[in-house]
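Below: one structure, written as structure tokens.
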Amino acid sequence: MVLIVDQCTKLLADAMLAMHQSVELLPFLALRKAYNTGAAFSFLGDASGWQRWFFIILALVVIVILLAWLRRLPPGDTRVRLALVLILGGAVGNVVDRIVYGHVIDFIDVFYGSWHWPTFNVADSAISIGAFLLLLDVFRGSHEKTTGTA
């Protein structure tokens, strides 16, 4: 589902928004199309092009690791399973963009006054939520071990 929603929203944003056009939805949220050739926060976005293949290979390695991790999870570990599926769906969504277009399509702009968070997409959101859930599981798991509660 993450992959489908991510790709559909990116296609809509790419077709309906002009580059860097801002369509305000709320006083702190707008749609704004941008292409990201780098990683998070446009890291290495201004490199000469080698970063595309580097990020594709890195994403494919991460995807394989996540799939192996998912296969080894016990059936009842739904929190970690959800976290990994969110990260996996987001990683696949962004790697599809890199392979097909050579860049990732971003379109969600969160801001306050003149301050703007770097533009992002559904895949980035899924990855962030998944990472948060994994961290929550780590902290909750260590709490359960020290207190003996489940």
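List of remarks:
- One residue stands out in region 73-96 among those that are assigned to a helix (DSSP H, G or I) and free of Cβ contacts under 8 Å to residues at least 24 places away in the same chain: the one that is farthest from L60 (Cα to Cα), namely T78.
- R98 among the basic types (K, R) and within 14 Å of the chain's Cα centre (by Cα): yes
Okay, residues lined up against (1) modelled with pLDDT under 95; (2) assigned to a helix (DSSP H, G or I); (3) among the aromatic types (F, W, Y):
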{"site": "R98", "(1), (2), (3)": "yes, yes, no"}
{"site": "D109", "(1), (2), (3)": "no, no, no"}
{"site": "P118", "(1), (2), (3)": "yes, no, no"}
{"site": "A126", "(1), (2), (3)": "no, yes, no"}
{"site": "I129", "(1), (2), (3)": "no, yes, no"}
{"site": "V138", "(1), (2), (3)": "yes, yes, no"}
{"site": "H143", "(1), (2), (3)": "yes, yes, no"}
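- Residues of region 28-71 that turn out to be among the small types (G, A, S), modelled with pLDDT under 75 and closer than 16 Å to N121 by Cβ, as a count: 5
- Residue within region 68-79 that is surrounded by fewer than 17 Cβ atoms within 10 Å (Cβ to Cβ) and under 16 Å from the mean Cα position of the chain (by Cα) present: no
- Among the candidates L12, L25, residue that is more than 17 Å from the chain's Cα centre (by Cα), at pLDDT 95 or above and outside any strand (DSSP E or B): L12
- Meets criteria (assigned to a helix (DSSP H, G or I) and without any contact (Cβ under 8 Å) to a residue 12 or more places away in the chain) for V61: yes
Per-residue answers, yes or no, for (1) surrounded by fewer than 19 Cβ atoms within 10 Å (Cβ to Cβ); (2) among the aromatic types (F, W, Y); (3) within 22 Å of L11 (Cα to Cα):
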site	(1), (2), (3)
V104	no, no, yes
G113	yes, no, no
P118	yes, no, yes
G130	no, no, no
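The values are calculated or read from the model by the stated rules, or taken from the named source; none is laboratory data. Just so it is clear, the structure is predicted and the values come from calculations on it, not from any experiment. Don't worry about glycine lacking a Cβ; one is built from the backbone with ideal geometry, like all the others, and counts go over all protein chains shown.
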